[in-house]
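The values are calculated or read from the model by the stated rules, or taken from the named source; none is laboratory data. These figures come from a predicted structure and were not determined experimentally. Virtual Cβ from ideal backbone geometry, glycine too; neighbours counted across all protein chains shown. To get the accessible areas, we keep the full protein, side chains included, count just its heavy atoms, and leave off ligands, DNA and RNA. Shrake-Rupley method; radii C 1.70, N 1.55, O 1.52, S 1.80 Å.
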Amino acid sequence: MTTLTAQSVTVRRGARAILDHIRLTAAVGEFVAVIGPNGAGKSTLLAVLAGLLEPTEGRVDLDGEDLYRIPSKRLASRRAYLPQNPRCEWPISVERLVALGLTPILPAIGRLPAAHARRIEEALRLCDLSDRKLQAVTTLSGGELERAMLARALVGQPEILIVDEPVAGLDPRHALDAMRRLAAYAASGRLVIAAIHDLTLAARYASRIIALASGRAMGDGPTGTTLTAALVKETFGVEACISGEAERRYVDYR
Amino acid sequence: MIRVGLVNGLIVLLIVLIALGSLLAGRVWLPPSLVWHELWTPGPHLSTLIVTQLRLPRAVLALLVGAALGLSGGVLQGVTRNPLAEPGLLGVSAGAALGAVVTIYFGVADRFTAAAPFAGLCGALAASLLTFALGRGGGTITLILAGAAVSGLAAAGIALALNLAPNPYAADEIMTWLMGSLADRSWIQVNLILPFVLVGGAMLAVTGRSLDALSLGEAQARSLGIDLQRLYVLSVFGTALAVGAATAVTGAIGFIGLIAPHLMRPLVGHQPSRVLLPAALSGALLLLCADIATRLIRFGPELKLGVFTSLIGTPFFFWLIVRLRKAAP
């Protein structure tokens, strides 16, 4: 079973510790929501876990192997990463954008093997974009682009999916859809780690919560028992009111 | 898929036809029947000499240089994700020009045919090494700024050479060389640059997949397993070898590297890897046509190729900027 382990991960910029001795173990099947105020170190933690930013101290292991010693091609075929507000610089078609997710397994030159075309179709269908596949990505709306990027990340069927703020800027319906997709992907036996600002969405769909403030872990555990008014108070400095159960849970602020 | 093949096929066809035409066109027009007849009859003939020793190497040189410029432009626009990028951007052209100008200044160029091209190549390599050393690890913007700084340095060196020119003839020779031309080049120059253009071209040609991934930005490209350092090394040194060698024998020829990828991009669906081959082919075609035009347009002295491409290219540049401004929010 695939597990990702971080041991006392610390990232320093100058004297400031952006991440301060973070430790966690996450396994496939989990949907981990990383929450915390702006500047808490969420994006940095995700980049470290994705193998893109080597920590100043501590180490990250994927199945017991040092994440930063795994060849980048091999790692790329096992985990996908989406940064905040992903963009595409050229007006290529949605289909071509999604195909870029297969880069780690494509031959160095030549055209797309036929077997991959089916995976692209499948990813497009999953993200509700089948009718947009020939449209230029630069003409998509914000929500559509977000979905296209998610399809790009899912097309390689990575064991680990790391997404930085996948629902920022989405309208309620698309935000709910995106969270359901991520939850379903985790439930299908993959590990999903996402930074999420909307606590209601995190409370409803994530199986596990990691709360960060000033680079330190304030809480880590199953959503139901971890995401409490006390944790929200401690992490964000606001009084919260948490009600309801599972997919009907609400987090509101006073 | 079919469209990309069709585009490439059409350009190749045009290249063959126009290259054949270029063998006949010039100050002396040669009727095809005469050339064909004399080519197969033994003995030295004037038309055969003109074709094989003057016009054929010139056409081959135009194709090589144009392809190098077009390919490099396509790669650099992909690397920088900036549609205004071109080989001159990395300081390669200016470095090559400075190298060649130094040999002219010291009079070495007159004594050895290979001196100016060789020094030009060294200048291009030195300039791109400096650009890369300055801009390394800082991302695209730093690379572009480093290129601008190195270009500035090389331009200052050229200005200094003009300033201190020992006599008006040397200054005139430098100016003429800077204007860029394919006139009076022979097989010697073709053979001289061929290995460099081939090696540099190969380095540029293998960047396709990385360029595609890079259209998602550096973070996503790295997450897809792309080695960005390798990409930068291949594109900078590939450009230094291919364009540096080309500039070293022809002088500065601008805008081909800017225009060629642009013309092709909409035809092949904008994907950076698919732009590369058509950009190389259309660069070759454009330069071939431009060279024929300089031979046919006559008002007084010969129009220099570099001047001609700049005259044609600058309005295109203006149009690009206006279009980019409209596209911006």
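Couple of notes before you dig in:
- Every residue from the stretch A:107-156 that is within 15 Å of B:SER223 (Cβ to Cβ) and either out of contact with any Asp or Glu (no Cβ under 9 Å at 6 or more places or on another chain) or in contact (Cβ under 8 Å) with a residue 60 or more places away in the chain (or both): A:MET149, A:LEU150, A:ARG152, A:ALA153, A:LEU154, A:GLY156
- As a summary of the residue check, B:GLY254 satisfies the conditions (1) part of a helix (DSSP H, G or I); (2) more than 9 Å from chain A (Cβ to nearest Cβ) except for the one numbered (1).
- Filter pass, A:GLY215 being within 25 Å of A:VAL11 (Cα to Cα), buried (at least 19 other Cβ atoms within 10 Å of the Cβ) and touching a Lys or Arg at 6+ places or on another chain (Cβ under 9 Å): yes
- Condition met for B:ALA284 (within 16 Å of B:ARG58 (Cα to Cα) and modelled with pLDDT of 90 or more): yes
- Residue in the stretch B:77-100 that is more than 27 Å from B:LEU231 (Cα to Cα) and among the hydrophobic types (A, V, I, L, M, F, W, C) present: yes
- Considering residues of the stretch A:32-53 that are open to solvent by 10 Å² or more (accessible area, probe 1.4 Å) and within 12 Å of chain B (Cβ to nearest Cβ) only, the residue nearest to A:VAL251 (Cα to Cα): A:SER43
- The test for being assigned to a helix (DSSP H, G or I) and closer than 29 Å to A:LEU52 by Cβ does not hold for B:VAL249.
- Here B:LYS326 passes the criteria (1) assigned to a helix (DSSP H, G or I); (2) closer than 19 Å to B:VAL75 by Cβ; (3) within 14 Å of chain A (Cβ to nearest Cβ) except the one numbered (2).
- Residue within the stretch A:167-179 that is open to solvent by 40 Å² or more (accessible area, probe 1.4 Å), under 20 Å from A:ARG79 (Cβ atoms) and either in a strand (DSSP E or B) or of a type in the set (A, V, I, L, M, F, W, C) (or both) present: no
- Applying the set (1) within 14 Å of chain A (Cβ to nearest Cβ); (2) open to solvent by less than 40 Å² (accessible area, probe 1.4 Å) to B:PHE316 leaves exactly one unmet item: (1).
- Here A:VAL28 meets each of (1) surrounded by 17 or more Cβ atoms within 10 Å (Cβ to Cβ); (2) in contact (Cβ under 8 Å) with a residue 12 or more places away in the chain with one exception, condition (1).
- In the stretch A:74-101, the residues that are more than 9 Å from every other protein chain (Cβ to nearest Cβ) and buried (at least 19 other Cβ atoms within 10 Å of the Cβ): A:VAL94, A:GLU95, A:VAL98
- Hey, A:LEU134 within 13 Å of chain B (Cβ to nearest Cβ), more than 29 Å from B:ALA205 (Cβ to Cβ) and either at pLDDT 90 or above or assigned to a strand (DSSP E or B) (or both) or not: no
- Test: A:ILE162 is part of a strand (DSSP E or B) and touching a helix residue (DSSP H, G or I) at 6+ places or on another chain (Cβ under 9 Å): yes
- Taken together, the residues in the stretch B:218-251 that are within 14 Å of chain A (Cβ to nearest Cβ) and open to solvent by 10 Å² or more (accessible area, probe 1.4 Å) amount to 9.
- Residues of the stretch B:185-207 that are in a helix (DSSP H, G or I), open to solvent by 10 Å² or more (accessible area, probe 1.4 Å) and touching a helix residue (DSSP H, G or I) at 6+ places or on another chain (Cβ under 6 Å): B:TRP187, B:GLN189, B:LEU192, B:PHE196, B:VAL197, B:VAL199, B:GLY201, B:MET203.
- Filtered by the rule that a residue be open to solvent by 30 Å² or more (accessible area, probe 1.4 Å), of a type in the set (Val, Ile, Thr) and in a helix (DSSP H, G or I), the stretch B:263-308 gives a lone residue, B:VAL307.
- Picking from residues in the stretch A:218-251 that are under 17 Å from A:LEU176 (Cβ atoms) and either aliphatic (A, V, I, L, M) or part of a strand (DSSP E or B) (or both), the one that is least open to solvent (accessible area, probe 1.4 Å) is A:VAL251.
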